[in-house]
Amino acid sequence: MERESGIRPQRRAGAMQGITLAFAGFLPILSILSLAPAVPTLIAHFRDVPNAGLIVPLLVTTPGLMVALLSPIAGFIADRFGRRRPILLATFFYAFAGAAPVVFGDLWAVLVSRVFVGLAETFVLVIVNALFADYYDDRQRRTWITVQGLLGPLLGAASIASAGALAGIQWSYVFLVYLLAAPIFLAMLLCFFEPERTQHGGGTTARAGSAFSWGTAAAYCSVTIFASIIYYVFTVNGGLAFQAIGVASPAKIGAIMGAAGLAVLPGALLFNLLSRRWPGERVIATFLLLLGIGTGGMGLSTNVEMMTVFAFVQQFGAGMTVAGLIFWVSRLLPPQHRGRGFGLWTSAFFAAQFISPAIVGIIGGAAGGILVAFAVLGGLSILMSGVILMLAHRLPPPLAFEHA
């Protein structure tokens, strides 16, 4: 019966697959974090290149733009041709393209390599999320998504420190961080297997009436775009908020924001606890409430201490956000559509990464500053939390599919 249902893999996934997926899920984040501390070094090295001050920041953001644009295509390919081969190719190519700037010094060539990094990480991110759902039932999936959420801040801090140290030796050495993908590729090669599904030659029968639900996709993509916009308000503009309240030292701002980021870890643990007892919609409403209180409270703060407290609240909610969204979406998608479904979700999440700073700038410019923008967006997040709770009680799930 398990084979006919199409919701179990041919083999049972265990700890090796879960650990590898958790580490692989960090690779897209690495593409952003690794270059952040090296931007001044890169600008100084390419100072004789026209418009280097504009081009170098694009090295940081280009992979994310590629993810936003190409994720639906990656999802379609993963559903049509399978998971294992595309993610192996993408991870290998990620390491190769990511480290390639070490051997050449042309700025435009580096930018082209970043385009290919973005292409590779698109497939990695989409397929990692699909495999979490393919390999594990609800209970196991919740555990491994939580592990991924806990690893993220730790690996992020380590990668930023490593990238800064490497850039201090030589500008191009920062790209050596991408070789982290090499052992992940080897682990994938050893332990990943193709899950048994329907649309890409898995040999099973699709569920009757299982056409892809665009209504479901529109629902979770809309929620994801909104949540991601709020999620990135602090990440992108937190330093400006502390500066607006009178913190002039970049070192002090960095220390405060780094300390607040520690709240992501208990936030991830809270997701694990609540998702065992609550439906996904209630978990989403909870982290939107926390994001709203934290972001809005920062905007209304009158001193540094008050703003710091609310920054911790915001990051506590942020620790629930990505895990909560992934877990919710994974329960809405049947196996044969997880690639396409997560492709659309990934595109929505990364598109909001670009939208968020613009929205903050527009609101701040029209209403009187960065703190007003924080207050307005925080209020909207609290309002959306209430709307989702009301809708969750009145409307059925857009697609009634869950693991048996």
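The values are calculated or read from the model by the stated rules, or taken from the named source; none is laboratory data. Please read all numbers here as calculations on a predicted model, not as lab measurements. For neighbour counting, all protein chains shown are included, and Cβ atoms are generated from backbone atoms with ideal geometry for every residue, glycine included. Keep in mind that these areas ignore ligands, DNA and RNA; they rest on the heavy atoms of the full protein, side chains included. Shrake-Rupley method; radii C 1.70, N 1.55, O 1.52, S 1.80 Å.
Give the range of the longest stretch in the chain that excludes all trypsin sites (Lys or Arg not before Pro) found in loop regions by DSSP and having at most 16 other beta-carbon atoms within 10 Å.
Looking at the chain, 48-206 is the longest stretch - no exposed trypsin sites (Lys or Arg not before Pro) with at most 16 other Cβ atoms within 10 Å.
In whole percent, and with a 1.4 Å probe on the protein chains, what portion of the accessible area of the chain is carbon and sulfur?
Whole-percent figure for carbon plus sulfur exposure: 70.
R0 = 51 Å: FRET efficiency of residue 80 with residue 367, Cβ-based, nearest 0.05?
Working: r = 47 Å, r/R0 = 0.92.
According to the calculation, E is roughly 0.65.
Using the Karplus equation 6.51 cos²θ - 1.76 cosθ + 1.60 (θ = phi - 60°), what ³J(HN,Hα) coupling, rounded to whole Hz, does each residue of segment 312-329 give in order, writing x for Gly and Pro?
Result, ordered by residue: 5, 4, 4, 6, 4, x, 4, x, 8, 5, 5, 4, x, 5, 4, 5, 4, 5 Hz.
About the Cα centre, and with charges only on the beta carbon of Lys, Arg (+1) and Asp, Glu (-1), how big is the dipole of the chain? Nearest 20 debye, please.
Values: 23 positive and 14 negative charges, 154 e Å.
Magnitude of the dipole: close to 740 debye.
Please pull out the direction-averaged projected area of the chain, using the convex hull of its alpha-carbon atoms, in nm² to one decimal place.
Numbers: hull surface 77.4 nm².
Value for the chain: 19.3 nm².
Taking the Cα centre of segment 1-158 as the origin and placing charges on Cβ (Lys, Arg +1; Asp, Glu -1), which of 42, 126, 54 is farthest toward the positive end of the dipole?
126
Could you derive backbone 3J(HN,Hα) for segment 136-150 from the dihedral phi with the Karplus parameters 6.51, -1.76 and 1.60 (θ = phi - 60°), listing whole Hz in sequence and x where the residue is Gly or Pro?
10, 7, 4, 5, 5, 4, 4, 4, 6, 5, 5, 4, 4, x, 6
Using label points projected 7 Å from each Cα along Cα→Cβ, tell me how many nm separate residue 102 and residue 236, to one decimal.
In this crude spin-label approximation the distance works out to 3.2 nm.
Per residue, how large is the accessible surface of the chain? Use a 1.4 angstrom probe and give square angstrom.
Working: 16730 Å² over 404 residues.
On a per-residue basis, the chain sits at 41 Å².
Ignoring solvent entirely, what values of log10 I(q)/I(0) come out of the Debye formula for segment 1-151 at 0.09, 0.11, 0.18 Å⁻¹ when each Cα is a single scatterer?
Rounded to two decimals, the profile gives -0.35, -0.50, -1.05.
Segment 43-107: which chymotrypsin sites (Phe, Trp or Tyr not before Pro) are DSSP loop and have at most 16 other beta-carbon atoms within 10 angstrom?
104
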